[in-house]
Structures are given as structure tokens and as C-alpha cells.
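To start, the structure under review is shown below, and the notes come after it.
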Amino acid sequence: MYYTLNQLYPNRIITPQNVNEIQNRTWYVYILTYENRAIVVGQGKRNRAKVIFDNVNIRTDYHYKSLLVRLYRLFGNGVFNQFLITCNSRDESKIIEKELHREIGGKGTVIENDILEILFQNIERNSSIWAFLKIALLSSYSGLSDLKKWRKGGIINDLEWQIITDKLQIEY
């Protein structure tokens, strides 16, 4: 993937190894690949770009792909790579993001069946927990934030919450 990105945007590709390598005031197109396939291609500054590092220690609740990234990081057994393309402006980052969606994918929240099978393992089909997870996966905002909001709103009880947080390895 690095080769492809560098062909499209020579000398602009950064391969950060941790979230601290993402600068605060810079516009980026950020890419996360799994098994050399783009699963996330987005644009924004540091607060959005850090989603490519979401894991048990770094939570990006507010990003609509945060649940997707977390599931791949928890249950995927493949190789991940993170890339950043530095941009001069928001407008340029939007243009590059759109071009990359066309060239390499990474748009939407498609999750491989083997990852979903692990997520729903030992969860009874059509149970409330199953429904909460299914709805969170379909969120147009952030499934992780939605789960947290439902918990605060009293929709998810203590037992259900414990199962969900254990499954997703999140602490609130």
C-alpha cells in the first residue's frame, strides 16, 4: 500500500507508529489498512486522524469508524498499517480523500464476517445485547458513543453493560 500511496502522492506519506506522531494543527488524509486493504480513509486534523490507532488503550468514541477500528484491532489476526498524507488545507484533504476512496477504498463501515462472528460469539441472537451491538454497528455517528449514551440513559442495564464492555474491552 505504501508504494501505491507514494506513487499517487510522492514524498507526502508518513507511516506513524503511534498517535503521538500526529501533529495538532496539520490537515491529513489518514489511512488504516488491514491485510493491505484500506478499511479507513478519512480526512481531518489530529482529533479525527487518531482513529487509526484506536485500541484498548486509545478510544476515539466520537468518530463514526471508531467501532470498526476497535473490532478489527481486537479480533483481526492480520497486519495493520497506518498512513498519513499531509495536506495544505481542508479543501485539499477532501479532494485527496475522495480520490483515495476511488483508488483504494476505505469508505463506509464494512466489517468482515469473521470479525463479526467473533463479536457475536456467545451472544444470543435477538437478545438485547445482540440488538445493542447491531444498532451500534449501524450508527451514522459513533457506535461507541451511542452505547455510552444508551448506558447513561438507562437503556442498557448493569449486566448488559458488563457483557458489552468486556466484549469491546472498553471502560467507562
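The values are calculated or read from the model by the stated rules, or taken from the named source; none is laboratory data. A quick note: this is a predicted structure, and the numbers were derived from the prediction, not measured. Neighbour counts are summed over all protein chains in view; Cβ atoms, including those assigned to glycine, are modelled from backbone coordinates with ideal geometry. Protein only, heavy atoms only, side chains kept; ligands, DNA and RNA dropped before computing areas. Shrake-Rupley method; radii C 1.70, N 1.55, O 1.52, S 1.80 Å.
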*Could you check the simple spin-label distance between N36 and N157, using points 7 Å along Cα→Cβ, in nm with one decimal?*
5.0
*Subtracting the Cα-Cα distance from 0.36 nm times the residue separation, let me have the gained length for I170 to S127 in nm, one decimal.*
13.4 nm
*With DNA, RNA and ligands ignored, accessible area of L144 (1.4 Å probe; Å², nearest 10)*: 0
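Could you work out how much longer the chain between E21 and S89 gets when fully extended? Use 0.36 nm per residue separation minus the Cα distance between them, nm to one decimal. Don't skip to the answer; put the middle values down first.
On the way: separation 68, 0.36 × 68 = 24.48 nm, distance 1.90 nm.
Using 0.36 nm per residue and subtracting the Cα-Cα distance, I get 22.6 nm.
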_As I understand it, the value is the acute angle between the Cα axis of helix 143-152 and the longest principal axis of the Cα atoms of the chain; what does it come to in degrees, rounded to 10?_
40
*Compute the accessible area per residue over segment 16-135, keeping the other protein chains in place, probe 1.4 Å, unit Å².*
51
*What is the gain in length, in nm to one decimal, between K98 and N47 on full extension, counting 0.36 nm per residue of separation less the C-alpha to C-alpha distance?*
16.4 nm
*Which FRET efficiency value, to the nearest 0.05, is calculated for I58 and I135 with the Förster distance at 25 angstrom and r the Cβ-Cβ distance?*
0.55
_I want the antiparallel fraction of DSSP beta bridges within the chain, as a percent rounded to 5._
95
*With the contact rule set at Cα under 8 Å and sequence spacing of 6 or more, what percent relative contact order holds for segment 1-104?*
35
*From the C-alpha gyration tensor of segment 75-114, pull out the three semi-axes of the equivalent ellipsoid (sqrt of 5λ each), sorted largest to smallest, in whole Å.*
25, 13, 8
*May I ask for the distance between the Cα centers of segment 1-56 and segment 90-136, given as a whole number of Å?*
18
_Helix 158-168 axis, angle to the chain major axis (alpha carbon atoms, nearest 10°)_ = 30
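What dipole magnitude, in Debye to the nearest 20, does the chain give about its Cα centre under +1 on Lys/Arg Cβ and -1 on Asp/Glu Cβ? Don't skip to the end; give the middle numbers.
On the way: 23 positive and 18 negative charges, 122 e Å.
In debye, rounded to 20, the chain gives about 580.
Determine the share of the chain's accessible area contributed by carbon and sulfur atoms, expressed in whole percent, with a 1.4 angstrom probe. Spell out each step's value before the answer.
Values: 4240 of 9450 Å².
The value for the chain is 45 percent carbon and sulfur by accessible area.
What do you get when you divide the Cα radius of gyration of segment 122-168 by 2.2 N^0.38 Å, with N the number of residues? Spell out each step's value before the answer.
Details: Rg = 9.8 Å, N = 47, 2.2 N^0.38 = 9.5 Å.
With N residues counted in segment 122-168, Rg over 2.2 N^0.38 Å equals 1.04.
Taking only the alpha-carbon atoms of segment 1-104, what semi-axes of the equivalent ellipsoid follow from 5 times the gyration tensor eigenvalues under a square root, in whole Å, largest first? Display every interim value, and only then the final one.
Details: eigenvalues 81, 50, 28 Å².
Semi-axes from the Cα gyration tensor: 20, 16, 12 Å.
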_Placing unit charges on C-beta atoms (Lys and Arg positive, Asp and Glu negative, everything else neutral), compute the dipole magnitude of segment 80-125 about its Cα centre in debye, rounded to 20._
200
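How large is the helix-only mean residue ellipticity at 222 nm for the chain, computed as the sum of -39500 (n - 2.57) over DSSP H runs with n ≥ 4, divided by its residue count, in deg cm²/dmol to the nearest 500?
Details: 8 runs with 74 residues, N = 172.
Taking each H run of at least 4 residues, the total per residue is -12500 deg cm²/dmol.
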*Residue among Y62, Y72, L84 farthest towards the positive dipole end of segment 32-159, charges placed on Cβ*: Y62
